[in-house]
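The values are calculated or read from the model by the stated rules, or taken from the named source; none is laboratory data. What you are looking at is a predicted structure, and each value in this text was computed from that prediction instead of being measured. Every residue, glycine as well, gets a Cβ built from its backbone with ideal geometry; the counts of neighbours run over all protein chains shown.
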Amino acid sequence: MTDWYEFDCPACEAAFEVDAPARTELCAVGCPECGAAVTDGAFDALGDPPDLLV
């Protein structure tokens, strides 16, 4: 099981839940909506994983 985070872009209104590998990718490439650089400060750890539709 992987950790989950709430992502809030520091430059635009993008906000969504991501898993640990996606968090690493966002820090490497930036926000997928506006391209702004992303740091660890853009993520808050979620206590529980999100409800996923299967």
Within region 25-47, of all residues that are exposed (fewer than 10 other Cβ atoms within 10 Å of the Cβ) and without any contact (Cβ under 8 Å) to a residue 12 or more places away in the chain, the one nearest to Met1 (Cα to Cα) is Gly47
When region 11-42 is checked residue by residue, the ones that are part of a helix (DSSP H, G or I) and out of contact with any helix residue (DSSP H, G or I) (no Cβ under 8 Å at 6 or more places or on another chain) are Ala20, Pro21, Ala22, Arg23, Thr24, Glu25, Ala28, Val29, Gly41
Just one of the numbered conditions (1) of a type outside the set (Gly, Ala, Ser); (2) in contact with a Gly (Cβ under 8 Å, 6 or more places away or on another chain); (3) at pLDDT 95 or above is not true of Pro10; which one? (3)
Number of positions in region 1-10 that are surrounded by 15 or more Cβ atoms within 10 Å (Cβ to Cβ) and assigned to a loop (DSSP other than H, G, I, E, B): 1
Within region 1-40, work out how many residues are within 8 Å of the chain's Cα centre (by Cα) and among the charged types (D, E, K, R). 5
